[in-house]
Every structure is written in structure tokens, then in C-alpha cells.
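The values are calculated or read from the model by the stated rules, or taken from the named source; none is laboratory data. The structure displayed is predicted, hence computed values, not measured ones. Cβ atoms come from the backbone with ideal geometry, glycine included; neighbour counts cover every protein chain shown. In case anyone asks, the SASA skips ligands and DNA or RNA and just uses the protein heavy atoms, side chains included. Shrake-Rupley method; radii C 1.70, N 1.55, O 1.52, S 1.80 Å.
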Amino acid sequence: MENIKTPVLRRISSKIGGAVAIGALASMAVLTASPMANAANEPNWTNGCRGYWYTTSFHGYCSSVTRAGDFQLFGGCNNEPNYYGKWIELSRGYSGKFDADECTFKVNSASVFYSN
């Protein structure tokens, strides 16, 4: 009986080892082919808010709104129409994201506009 079990175990362990090796190679290929995400932000705050962007996504973020009013997020997209978000009324002291979107290819910039 042991002669039968030994070849079977060798085949199973060989298949598992091969699967692990293929998985490791596939994950290395994904890591080297994927662009690294980079983050940037608008240098100036607009009444406590500013735009942040990454490779293809962007959002408006407020640390603490200093003047209540209407805020709009702008996203500058590469090779496609730019994004102009809806005007969103934020109260004084609000903190957090207020709008977000994505570009298909690349984001060049994100900005926040204010109107009272």
C-alpha cells in the first residue's frame, strides 16, 4: 500500500508547489506592471477646503470650513472633458469629503471653488 501512496503524494505536493510558484510570479507581474499611485493636492486652502487627486481619482476635502457657503469641486482630466461638480452648501466647521469623481485616463489637477 505504501508504494501506491508515495507517488500520489509526490504528484499532489508537486502540483501545490507549482501553483504557489505560478501565483508568486503572477503577483510580481502585477506589481511591476501597475503604476504606483501618487497623491497631490491643491497648495492653497479655499475657506478650509481643497482638492486632492491621485492617478485617476480626485475629491474635495475640508479640514474645517471657515466661511459657510457653496463649494464646487473641479477635476482636470487628461484627454477627456473636465469635471465640474454641483455646488454644495457647507456650513461653518464642516470637516470631511464633500465630492469625488474619476477620470478615465489621468487626473491633472483638482481645485475647490467657493461662492457665498
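What pairs can you find where one residue is in region 40-52 and open to solvent by less than 30 Å² (accessible area, probe 1.4 Å), the other is at pLDDT 95 or above and among the basic types (Lys, Arg), and their Cβ atoms are less than 7 Å apart, with a gap of 6+ or different chains?
What qualifies is 42/50.
Criterion first (of a type outside the set (S, T, N, Q), at negative phi and at pLDDT below 90) does residue 68 satisfy it?
Judged against the criteria, residue 68 is not a match.
Pick from region 84-105 the residues that are touching a residue at least 24 places away in the same chain (Cβ under 8 Å) and in contact with an Asp or Glu (Cβ under 9 Å, 6 or more places away or on another chain): which of them is surrounded by the fewest Cβ atoms within 10 Å (Cβ to Cβ)?
104
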